[in-house]
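Asks: Quick one: the structure is below, and I'll ask about it shortly.
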Amino acid sequence: MKTALITGASSGIGKATAKIFAEEGFNLILCGRRQEKLEELQQELQGKCSVHLLAFDVREKKEVFSKIEGVPSKFANIDILINNAGNAHGLDPIQKGSIEDWDAMIDINVKGLLYVSKAIIPKMIERASGHIINIGSTAGKEVYPNGNVYCGSKHAVDAITQGMRIDLNGKGIRVGAINPGMVETEFSEVRFKGDTEKAKKVYEGFKPLQSEDIADIIRFVVTRPSHVNIADLMVMCTAQASSAIVYKK
Ligand code: NDP
Ligand code: 8X3
C-alpha cells in the first residue's frame, strides 16, 4: 500500500486530498501546525486507512528534518509527497507591503517546500521510486496587481518544480505541479488576516473551485501508471479566465 505525506493537511486542498487518498486506502502522514485540526481529520478517517500525524511549522528547519526522520517504520517509505502547505499573506502594492508578510510567504511557500522535499528525496532516490507534487498556482504563471511577493513565491515553486524534474530525471521519481486558480478555502481568510467578510467577498458572484475539485485531480495524477508523469497542470473555475479576469454576476 502506498504512503503519502501531505503538508497543509489541516485545511483546504490538503485536507480534501487526505480524504480522497483515504478512499484509495493509502497510508497517510498528515502535516500542519494545528494539531487539533489534524486530530479531527484523523478521527474522521479512522477505519479507512492508517494515519500518522506530524505537527510542525515548515519554517522550522530542524523540526522538519527530525519529525520526518522520526516517522514510525510503517510510514517510513514515502511514495507520494504533496507539497501543499502555503498561503498568501496580504494583498498590498509593493511600496506598502509588510516585511513580515513577505518573510512568511518566502519562508513557507518556498523554503518550507524545499526543507520538506530535502527530508524526503534521498530515500526516494535510494528506492528509485517516488512521486512529488508541488501545489503551485495560476499566480506562479502570471502576476496580478498587489500579488507581487505571493506571485513571486509561486513563480519560484514553478521554477523549483522544473528544476526538481530535471535533476531527478532517471532516478525513478515523478515530479509535477498542479496550479489552481481561485479555490474557496481558508486561503483568503489567511490573506486578509481573519477578516471573514473581506474573504467571503473574494468568492461572491461566481462559483469558485472547491478543495475537492483539486483533490480529485491530485488523485487522478497519482493513480496514473508509473511511466506517466503529469508535469504541469493549470486549473481554473469556468468563471475565471486569468488571475485578473473573473466573470462575476
Ligand atoms: P488553506 O489556508 O485552507 O490551507 C493552507 C494549509 O497550509 C493549512 O493546512 C495550513 O496548516 C498549512 N500551512 C500554512 N502555513 C504553514 C506553516 N508555516 N507550516 C506548516 N503548515 C502551514 O489554503 P489552501 O488549501 O487554499 O492552500 C493550499 C495550497 O494551495 C497553498 O500552497 C496555496 O498557495 C495553494 N493555492 C491556493 C489557491 C486558492 O485559491 N485557495 C489557489 C492556488 C494555489 P496550519 O495552519 O495548521 O499550519
Ligand atoms: C491562489 C490563487 O489568484 O488568489 O494562488 O492568487 S490567487
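The values are calculated or read from the model by the stated rules, or taken from the named source; none is laboratory data. Here the structure is a predicted model, which means the values were calculated and not measured. Here Cβ is always computed from backbone atoms with ideal geometry, including for glycine, and neighbour counts include all displayed protein chains.
Yes/no per residue for (1) in contact with a Lys or Arg (Cβ under 7 Å, 6 or more places away or on another chain); (2) of a type in the set (Phe, Trp, Tyr):
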position: Ala22; (1), (2): yes, no
position: Phe26; (1), (2): yes, yes
position: Cys31; (1), (2): no, no
position: Lys37; (1), (2): no, no
position: Leu41; (1), (2): yes, no
position: Gln46; (1), (2): no, no
position: Phe56; (1), (2): yes, yes
position: Glu60; (1), (2): no, no
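Asks: Restricting to strands (runs of 3 or more DSSP E) lying wholly in segment 1-91: which have 3 or more residues that are within 10 Å of ligand 1 (Cβ to nearest atom)? Spell out the reasoning first.
Replies: Working: elements: 3-6, 27-32, 51-55, 80-83.
Strands (runs of 3 or more DSSP E) meeting the threshold: 27-32.
Asks: For segment 161-190, which positions are within 18 Å of the chain's Cα centre (by Cα), assigned to a helix (DSSP H, G or I) and more than 15 Å from ligand 2 (Cβ to nearest atom)?
Replies: Answer for segment 161-190, where residues must be within 18 Å of the chain's Cα centre (by Cα), assigned to a helix (DSSP H, G or I) and more than 15 Å from ligand 2 (Cβ to nearest atom): Gln162, Gly163, Met164, Arg165.
Asks: Residues that are surrounded by fewer than 16 Cβ atoms within 10 Å (Cβ to Cβ), in contact with a helix residue (DSSP H, G or I) (Cβ under 9 Å, 6 or more places away or on another chain) and not acidic (Asp, Glu): does segment 74-88 have at least one? So that I can check it myself, show each step before the final result.
Replies: First, pick out the residues of segment 74-88 that are surrounded by fewer than 16 Cβ atoms within 10 Å (Cβ to Cβ): 74, 76.
Keeping just the survivors that are in contact with a helix residue (DSSP H, G or I) (Cβ under 9 Å, 6 or more places away or on another chain) gives 76.
Keeping just the survivors that are not acidic (Asp, Glu) gives 76.
Yes - at least one qualifying residue is present in segment 74-88.
Asks: Answer yes or no: is there a residue in segment 191-200 that is more than 10 Å from ligand 2 (Cβ to nearest atom), among the hydroxyl-bearing types (Ser, Thr, Tyr), modelled with pLDDT of 95 or more and surrounded by fewer than 15 Cβ atoms within 10 Å (Cβ to Cβ).
Replies: Step one: of segment 191-200, the residues more than 10 Å from ligand 2 (Cβ to nearest atom) are 192-200.
Cutting the leftovers down to among the hydroxyl-bearing types (Ser, Thr, Tyr) gives us 196.
Subset that is modelled with pLDDT of 95 or more: 196.
When the remaining residues are screened for being surrounded by fewer than 15 Cβ atoms within 10 Å (Cβ to Cβ), the result is 196.
Scanning segment 191-200, I find at least one residue that is more than 10 Å from ligand 2 (Cβ to nearest atom), among the hydroxyl-bearing types (Ser, Thr, Tyr), modelled with pLDDT of 95 or more and surrounded by fewer than 15 Cβ atoms within 10 Å (Cβ to Cβ), so the answer is yes.
Asks: Take segment 118-140 and flag every residue that is in contact with a strand residue (DSSP E or B) (Cβ under 6 Å, 6 or more places away or on another chain) and assigned to a loop (DSSP other than H, G, I, E, B).
Replies: Across segment 118-140, the qualifying residues are Gly136, Ser137.
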